[in-house]
Amino acid sequence: FEASQIVPQDLVDEYDYIIVGAGPAGLLVAFHLAKRLQEESIEAHGDDIHAGKVLVLESGTESQSDVMKVLLMQQDDGRVQQEEELWNDGAKNMFDIPLLWSELSSKDDWSEYLSHHWPVEQTFLGRAVGGSGIHNAMINVRALPNDFQKWNITNWSAEEMMPYFNKLENYHETIPIANYSPPLPKPNSRGSNGPLNTIVGGDMAVSPICAYFIASAVAAGFPLATLGFNDAEAVNRIGVGFYEFNIRNGIRDSVAKALLGSSSSSSQQEDGTSTTIPTNLYIQTNATVHNILFQSDSTTAAATATATRKSVLSAPRATGVQYYSNQNGSFRQVRLRSYSQSKSHPIPTIQRDPEIILSAGAILSSQILANSGISKGGYLVDSPNVGNNLQDHPVVAIEYRVIGDLSESIVSFFQNADTSASLPLSFETNLQSFPSNTTNIASSVYGTAGFSVGGFLASPCSKDHVPDIQITVFPHTKEPHYSNNNNNNNNDNNHNNALQSSNYTTTGTNILITVALLQPESRNQIVVANTITSTSTSSTNKSSSSFLGHFPLPQIQGGNLTDGDASRLAWGVNQVRKIMSTPPLRDSIAQLNEQQLPPLDEDMYSNTAKQDQDLKQYIKDHVMRNAHWSGSTRMGNDDDDDDDLGSVVNSRLQVRGVDSLRIVDAGVMPFIPNGNTHSTTCVIALRAVDLILNKD
């Protein structure tokens, strides 16, 4: 960034695109739009002074130590000193260190870190430059072609979408999978010049439990996923193996760091060229967007603005946004170029309609729409499906006690990075002296997510042999959803006792196996906080469920498992029990919650009808949310007029019933993809850029 890019206190009222939210999707859209507008100006005029301007508004602040460092250093309003005290020059912070990802969401006494999260109950939502990409597990799992086929949306076929994954990644060659297969050459279907570094978990420090798990799984009859978990053929994903992670030289490689990191002030493009951060890209932090501003023909708008219309005549047009300045405690407005009171802004070389792009995530985008009068019974647009169709990958966990030599090996692996409660505080105390040379980090457990292996399985209920169960092996119990769930279930003494005994000791240590359902039938719902039908700043019902006293916080409801969901998870749990009861793991494992799980028959793999029912009930009682939120503002084809299955946005991501407003985040997915959602959210953003620039 250059000094001219620092957004002043009174925002320039002349932007071609305003992006709400600096998460992975928002940053990718903003960066590539700004880059293209800059290139068009240079092509036409030989300079970029005529380039259209792109503004990103983010409620949070910076996250990783490297993100926006150059921009901060050029500010002289006192804010830089405050940031330098927290993120000392050259030092790393907790958002940088991959191992500490779970601590960021599960601890409750680090106010400076928790300020980077939205206080929405029962989930984890990032609130910072980088969004939830600053605290996720960094797993890279692509959507399958089957996922896009299931969407069945014009402009979003598998043939159109799969190349975007290559554009996103800088993939590194794999290594032998626990010595079971030869090294694989880099597949032609993988990208090598994208911004996000992608590395196989086996290329980093690996816990001893990994080889044991893979050996037991193979002995129990499960295949090795020798082509990795990201092969385009669904059948090749089935099996056990190493995950891929977005980690670079031992440091989390988030979208924010890849695009805005000062140590990588230029980003590698797909063609191998290097491009600096666009000078027409502006980012304003501490700006909590409350609602979208509209301009409409009052005599026709009310009659014509409906969410399911095939075309919109005289529909309300988005002209700007209203946001709350967290630093100054006041509401402000910023508007798009065509609607600015100032006439001094140069007209871009290529004329396109200015737009607002909502990228606040599947939970908060629905609330901002409701604040703007777009919801069920909304005063601006009656859009009954805003907040519906919310999907997740529901997950259950089984905790095991590792004993003997394997336990001692795991203890040794974590001896310098114990994730018990005492480590992060001592780590934070020594942040200033943490090595700025990432070589030491990359070769240690600090440079890993703390886990490496898992599996994808297809239950008997799976369609077309597409995996519908995901298994992940944690060599510890600090998975944030599990920790949070146990802390909130004080009546479950067995779980609490297990959690309290999960410290690493020479007599045994606890590990966690999670089982997630990838194609759930169950649906959640976002219940937006009450708002009065007005765009005035005083319209919000300032109840206890508000943020900064002004932004109403939504609630997540529903999600109760169907009987079919519980059956498939029960099948997955039994596959885990099968693996863990097979040598070599069998001799090193004791199941902590064996008394809670219904016993299996003598062969350990099949249940009686009564045991099936008991296990399904156990799963329904202990299922956890996974924070893989998607689908709440689902996309549909342009001729989708069905009120029951009606979509919120069309196939070009334009919000139905209004003009100049799009949504680009995980909320637009009609169905949740077959695995972790981060990479799919990113490719949605890349696809959106092409749609916005009319390349398709």
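Report note on the peptides 652-660, 352-360, 665-673: ranked by the mean count of other C-beta atoms within 10 Å, highest first, their order is 665-673, 352-360, 652-660. Pairs exceeding 30 Å between alpha-carbon atoms, taken from Lys92/Lys620; Lys167/Lys376; Lys150/Lys620: Lys92/Lys620; Lys167/Lys376. Surface composition of the range 209-265: carbon and sulfur atoms hold 52% of the protein heavy-atom accessible area at a 1.4 Å probe. Rolling a 1.4 Å probe across the protein heavy atoms gives the range 193-245 an accessible surface of 27 Å² per residue. At an R0 of 22 angstrom, the distance between the Cβ atoms of Gln149 and Arg652 translates into a FRET efficiency of 0.65. Of the peptides 190-196, 22-28, 681-687, 251-257, the order by per-residue mean of other Cβ atoms within 10 Å, starting with the highest, comes out as 22-28, 251-257, 681-687, 190-196. Could you look at the range 356-409 and say what percent of its accessible area is carbon and sulfur, using a 1.4 Å probe and all protein chains? Roughly 46 percent, rounded to a whole number.
The values are calculated or read from the model by the stated rules, or taken from the named source; none is laboratory data. Worth saying up front: this structure is predicted, and the values here are computed from it rather than measured. Reconstructed Cβ throughout: ideal geometry from the backbone, glycine too, with neighbour counts over all protein chains shown. Accessible surface is based on the protein model in full, side chains and every heavy atom, while ligands, DNA and RNA are left aside. Shrake-Rupley method; radii C 1.70, N 1.55, O 1.52, S 1.80 Å.
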